[in-house]
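Readers should treat all values here as calculations from the given coordinates under stated rules, not as data from a laboratory. Since this is a predicted model, take the numbers as computed values, not measurements. Here the Cβ positions follow ideal geometry from the backbone for every residue, glycine too, while neighbour counts run over all protein chains shown.
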Amino acid sequence: MSSDPHSHGHGHSHYHDAHEAIVSDDAPGYYEIMETAVRELLIAKGLITANDIRHQIEVLDSRTPALGAAVVARAWTDPAFKGRLLENGRAGCEEMGISFYDDTQLIVLENTESVHNLIVCTLCSCYPRPVLGLPPDWYKLKPYRARAVIEPRKVLAEFGTIIPDDVEVRVSDSTAVIRYLVLPRRPAGTEGCTEEQLAALVTRDAMIGVIPVTLNDGAAQ
Amino acid sequence: MSVEDFVSRLPNDIGGAAAGPVDRVEHELEPWEKRCHALADVLDFRKLINTEEKRKGVEALGESLIGKLPYYERWIVAFANIGFTKGFFTPTELAEKMAEVEARTADHPKPL
């Protein structure tokens, strides 16, 4: 398993070149050529269409953590909705107009005074993509995947999150068909906030479970 | 790792393994990486290659290749191999198509 996302080994600009312009005069690399070739062969054989790919890129672009944040804010302000969401996460999201473009079920895990939830995919990178978009690289790399299930408190501490000893930490390991979303605790001092203001406080990492939702994080956004 | 560890755990099965600190890296997908992701989703909903088959296809690359290839590079190589075994295309067809794509794009800077 690579712990080095930088070793692409071919010639175009990479994300770690933070000070370089995002342009490339290089010819496409070997794997990019392979992607184009596989896609064009599948289209030529009538197995997929070019429109399938275009449409799915639009779907991917439309999925961001703002969707999950809206779900969380609704759950904080509407107890009946929260009940339905915890009963069936997918149906709860669909009720808010968030479609599931894949064959996955969603289980929403509620953080409470006594339980803190964390999600991981030890085998690869399964993630609640319909409501959060694509996962960050660290979620897909070995240290998080390997350690979240065996020493979650230490992993959380690396994110600056200290969970008191009397709070249970539950780690849920995603699969190809079952995905998880953490419903974070609503921060104190937000009693007067609107649903929209609450949603602005909720971050992607809070819905993965590596950090809490705080008023300060929201102000910094 | 002992030989028995390799027998009992496939390369993707790293839950509980020792590893270093979490480095909070992330990046915007390059256009071809996003196309590769879209391709994976399309292969799934067209019932051609599902998520589990994709994961097994990556696993079948073996530990040393998995260790050398970044994320979407692993996916596209796995899709090529699964495409051969499912008869979507032959290795020769893919080699010829890759040569054609390479020739077509060599002289044209790609927009990012």
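The table below lists the values:
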{"quantity": "Amide H within-cut-off set for B:Ala17, under 5 Å, with H built and near neighbours excluded", "calculated": "none"}
{"quantity": "Charge dipole magnitude, Cβ of K and R +1, D and E -1 - the range A:117-214, Cα centre, debye nearest 20", "calculated": "440"}
{"quantity": "Residue-averaged [θ]222 nm for chain B, counting only DSSP H segments that reach four residues, each worth -39500 (n - 2.57)", "calculated": "-18000 deg cm²/dmol"}
{"quantity": "Inter-site label distance for B:Asp107 and A:Asn88 at 7 Å from Cα along Cβ, in nm", "calculated": "5.9"}
{"quantity": "Exposed-loop-free span, longest in chain A, where GluC sites (Glu not before Pro) count as exposed if DSSP calls them loop and at most 15 other C-beta atoms lie within 10 Å", "calculated": "A:21-112"}
{"quantity": "Kyte-Doolittle mean at least 0.0, axial Cα span of 20 Å or more - DSSP H helices of chain B", "calculated": "B:71-85"}
{"quantity": "Size of charge dipole - the protein assembly as shown - debye, nearest 20, with Cβ of Lys, Arg +1 and Asp, Glu -1, no other charges", "calculated": "640"}
{"quantity": "Given chain A, longest segment not containing exposed loop trypsin sites (Lys or Arg not before Pro) (DSSP; at most 16 other Cβ within 10 Å)", "calculated": "A:46-184"}
{"quantity": "Extension gain from B:His27 to B:Ala95, taking 0.36 nm per residue of separation minus the Cα-Cα distance", "calculated": "21.4 nm"}
{"quantity": "Kyte-Doolittle mean at least 0.5 and Cα axial length at least 20 Å: DSSP H helices in chain A", "calculated": "A:30-44"}
{"quantity": "10 Å Cβ shell holding at most 12 others, DSSP loop, trypsin sites (Lys or Arg not before Pro): longest site-free stretch of chain B", "calculated": "B:1-46"}
{"quantity": "Value at 222 nm in deg cm²/dmol, rounded to 500, when DSSP H runs of n ≥ 4 in chain A each add -39,500 (n - 2.57)", "calculated": "-11500 deg cm²/dmol"}
{"quantity": "5 angstrom amide H check on A:Val169, placed H, neighbours 5+ away", "calculated": "A:His116"}
